[in-house]
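Right, one structure below, let's go through it.
Derivation of every value follows stated rules applied to the coordinates shown; laboratory data play no part. All values derive from a computational prediction rather than experimental measurement. Please note: Cβ atoms are built from the backbone with ideal geometry, for glycine as well, and neighbour counts cover all protein chains shown.
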Amino acid sequence: MKQVLKFGGSSVANADNIRKVLDIVRARLDRGQAIVVVSALGGITDTLLRCGDQAASGSEAFRDTLAIVEDRHMQTVKSLLPVSQQSGTLSLVKKHCNDLEDICNGVFLLGELSARTRDRIVSYGELLSSRIIAAAFHAHGLNATWADARELIRTSADFGHATVQFDTTGQQIRNWAGDTREDVSVLPGFIASEGKGATTTLGRGGSDYTAAIFAAALDVQILEIWTDVSGMMTADPRWVSNVRIIPSISYQEAMELSHFGAKVIYPPTIQPVMSRNIPVWVKNTFAPDDPGTVIENRNNPQHEIVRGISSINNIALLSLEGSGMVGVPGFSKRLFEALAQGQINVILITQGSSGHQRPHVRNPRTKWC
Ligand code: ADP
Ligand code: ASP
Ligand code: MG
């Protein structure tokens, strides 16, 4: 049996947490080979984005930001690996940080940061974390290897929010898996590549999606999303104190909650696993014995009409109104075309019955199509 386990940013934030991840993975190997997808060390993605923006705006502060990134990874290697096994990984981290510095220097000199270069910069978060974690697994006796998700997940060239080309991706993943003998494969989440080989990203929170893409391609029995809460809850525990864990939830309900703000799962994650009926467990790295939530194919008994409440910040309400629209075809088309061209994700649409008023709610921050 194969299984896919994904660990988010807080689960791999430092050496202590990565040791917990190691224990969890080890305890699951009796079930079969594990594909472990990891996020960047907690906070690093934001730091890398800041670094790119600083360089593009001509601020020398990007050098200090880079130093923070390098130091954080160096310290993690030093506290995670035995001294005798550190040198290879330390030089790998140094090499990646030097490459990153070269790119940021280019951005600084040109004063220009394209979406393509931003993806390249931010990809170092997952590249570094996955390399370090693979080395730690190996050093602690697991039969582990590292693989580059960019060589396996093929996407469009929509940098920052690339669309996965599932046929090519599925084939590449199955070919790779057929040749992989190690018990554990560690891969970077979030990153992929387009047809010409340039690095792309799958959208913020996209490591969940990477894990689901692998789970679906290999038709595994289990996908586990390991995070910092003990499952999907009736509301965001950061805002609501008396939340409850939802022990089991249908794919459709989980999709609905995540689309409307339950950040615990990145919305596109559900689609690939739902089509193959693969159960998704949401589990807590810091309380691994808690049962968590299973997202699966299930009917919702009538008495559980409200499963949870979610919310989204940064929503704009756009209202188009005027008597000139009544009975005139084409107004909605023009509005939606303009929004689509701006890569703006419309999440709710209503229209007055006379056709005189057409308000649309949209989220200006997310730019998914
Ligand atoms: P990771 O880094 O592991 O991917 P995220 O920060 O993306 O973790 O998602 C976990 C966070 O999602 C939790 O810490 C919690 O604050 C937030 N969250 C929002 N809504 C919910 C919900 N309905 N149930 C559980 N967690 C939620
Ligand atoms: N590191 C990326 C982010 O912070 C992807 C992820 O963690 O899922 O958005
Ligand atoms: Mg997440």
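Pairs of Lys residues in the chain, spaced 8 or more positions apart or belonging to different chains, with C-alpha separations under 22 angstrom: 12 in total. Size descriptors for region 61-112 (Cα atoms only): Rg and Dmax, in that order, 13.0, 42 Å. Which of I44, I349, I18 moves the most in a Gaussian network model of the chain with Cα springs under 10 Å? Taking springs between Cα atoms under 10 Å, the residue moving most is I349.
Sorting the segments 335-348, 128-141 by their mean number of nearby beta carbons within 10 angstrom, highest to lowest, gives 128-141, 335-348. Dimensions of region 8-159 from C-alpha coordinates, computed as largest minus smallest value along each principal axis and given longest first, are 52, 37, 24 Å.
For the chain, the spherically averaged projection of the C-alpha convex hull amounts to 21.3 nm². Largest first, the extents of the alpha carbon coordinates of region 155-289 on the three principal axes equal 49, 33, 26 Å.
Here region 1-92 is described by how far its Cα atoms reach on the three principal axes: 52, 29, 19 Å, from widest to narrowest.
Ranked by the mean number of other Cβ atoms within 10 Å of their residues, highest first, the peptides 313-326, 187-200 come out as 187-200, 313-326.
For S79 and D46, the difference between the fully extended length at 0.36 nm per residue and the C-alpha to C-alpha distance is 9.6 nm. Compute the signed sum of charges (Lys and Arg +1, Asp and Glu -1) over the other residues within less than 12 Å, Cβ to Cβ, of T65. Surrounding charge for T65 is -4.
Between S275 and N105, what FRET efficiency follows from the Cβ-Cβ distance if R0 is 51 Å, with the result rounded to 0.05?
Values: r = 44 Å, r/R0 = 0.87.
The computed FRET efficiency comes out at 0.70.
Simple rule: put +1 on each Lys or Arg Cβ and -1 on each Asp or Glu Cβ in the chain, find the dipole, and look at A254, S311, Q351; the Cα lying farthest toward the positive end is Q351.
Mean sequence separation of contacting Cα pairs (under 8 Å, at least six apart), scaled by the length of region 113-233, corresponds to a relative contact order of 28 percent. From the Kirkwood radius over Cα pairs of region 110-160, Stokes-Einstein at 10 °C and 1.306 mPa s returns a whole-number translational diffusion coefficient of 122 µm²/s.
In loop segments of region 33-104 as defined by DSSP, the GluC sites (Glu not before Pro) with at most 10 further C-beta atoms inside 10 Å of their C-beta are E60.
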